[in-house]
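Engineer: Starting off with a structure, shown below.
The values are calculated or read from the model by the stated rules, or taken from the named source; none is laboratory data. Source: prediction; values computed, not measured. As a convention, Cβ positions derive from the backbone with ideal geometry for all residues, glycine included, and neighbour counts pool all protein chains shown. To get the accessible areas, we keep the full protein, side chains included, count just its heavy atoms, and leave off ligands, DNA and RNA. Shrake-Rupley method; radii C 1.70, N 1.55, O 1.52, S 1.80 Å.
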Amino acid sequence: MLQMVEARKMPLSVKLLIALQGFLGIGAVFGGGALIIDPSGQLLGMPTEMMKIPLFSDFLFPGMILLLVLGIGPLGIMVSLLRQQAWSLGERLNLFRPMHWSWTFSLYTAFALIIWIMVQLYIIKETAVIHLVYMMLGLAIQIVTLLPSARNFYELEDGSGDGITMT
């Protein structure tokens, strides 16, 4: 399978998608790691008063979510978009069976990022430029993932599976 992937020309949309996932992953690893190292948020210049809900007393748990879901996850997806590796759990969670699981997980990540930003905005009741940048990043990942050239590149040849079909 890997030889077949290498033999096909990678469209610009796929290169852009890989870069977007990498950008998201690196940024979230940095941000999540900083919040884990300093749960007060001061390392990133965030006052603890931003946590206006009693659910969290500091940024440790949000930092762990950020690191894992929006940091390490997209970096793994980036590698899998490049190599199109097989992963049985990824295939089981793939709602779009005719597509490689990494393509589907690219969409999942975009939705997770948009939800993450929306929850942040709801909790802190303030908007900063960084929120707009990451909301646009989530939308960009969705759009690029859904471009026909990216879809065609990750469509599995056998089209097997009983998930949602993209027609």
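Engineer: Read through the labelled values (i) 19.1; (ii) 14.6; (iii) 10.4 and report the label of the one computed as mean projected area of the Cα convex hull in nm² from the structure.
Structural biologist: Given (i) 19.1; (ii) 14.6; (iii) 10.4, the calculated one carries the label (iii).
Engineer: Take the alpha-carbon centre of the range 131-150, take the same for the range 58-119, and report the distance between them in whole Å.
Structural biologist: 14
Engineer: Excluding Leu66 itself, what net charge comes from residues whose Cβ is under 15 Å from its Cβ, given Lys and Arg +1 and Asp and Glu -1?
Structural biologist: Numbers: positive: none; negative: Asp38, Asp58.
Once all neighbours under 15 Å are counted, the net charge is -2.
Engineer: Going by amide H atoms built from the backbone, whose H comes under 5 Å of the H on Met99, apart from near neighbours?
Structural biologist: HN-HN under 5 Å from Met99: Leu156.
Engineer: Give me the one-decimal nm value for the distance between modelled label points at Phe56 and Val133, 7 Å along each residue's Cα-to-Cβ direction.
Structural biologist: Rounded to a tenth, the inter-label distance reads 1.9 nm.
Engineer: List the residues, sorted by chain then number, that are 5 or more residues from Gln84 or on another chain and whose placed amide H is less than 5 Å from its amide H.
Structural biologist: HN-HN under 5 Å from Gln84: empty list.
Engineer: Report ³J(HN,Hα) in whole Hz for each residue of the range 23-32, in order, from the Karplus equation J = 6.51 cos²θ - 1.76 cosθ + 1.60 where θ = phi - 60°; Gly and Pro get x.
Structural biologist: Coupling constants for the range 23-32: 4, 4, x, 5, x, 6, 5, 4, x, x Hz.
Engineer: Rounded to a whole number, what % of the accessible area of the range 67-167 do carbon and sulfur atoms account for, probe 1.4 Å?
Structural biologist: Roughly 71 percent, rounded to a whole number.
Engineer: Mind checking which of Gly45, Gly138, Gly25 has the largest fluctuation in a GNM of the chain, springs on alpha carbons under 10 Å?
Structural biologist: Gly45
Engineer: Contour minus end-to-end for Val119 and Leu82, with contour as 0.36 nm per residue of separation and end-to-end as the Cα-Cα distance?
Structural biologist: 10.2 nm
Engineer: Sticking with this one: When the helix-only estimate is applied to the chain (DSSP H runs of n ≥ 4, each -39,500 (n - 2.57), divided by the residue count), what is the mean residue ellipticity at 222 nm, nearest 500 deg cm²/dmol?
Structural biologist: So the helix-based figure for the chain works out to -20000 deg cm²/dmol.
Engineer: Place the peptides 107-117, 9-19 in order of packing, highest mean first, counting for every residue the other Cβ atoms within 10 Å and averaging per peptide.
Structural biologist: Top to bottom by mean Cβ count within 10 Å: 107-117, 9-19.
Engineer: Still on this model: May I ask you to give the solvent-accessible area per residue for the chain, in square angstrom, as obtained with a 1.4 angstrom probe?
Structural biologist: 57
Engineer: Taking the simple approach of a point 7 Å from Cα along Cα-to-Cβ for both Leu147 and Lys15, what is their distance in nm?
Structural biologist: If labels sit at Leu147 and Lys15, their model points lie 1.0 nm apart.
Engineer: If the elastic network links every pair of Cα atoms under 10 Å, which of Pro39, Pro47, Pro98 fluctuates the most in the Gaussian network model of the chain?
Structural biologist: Pro47
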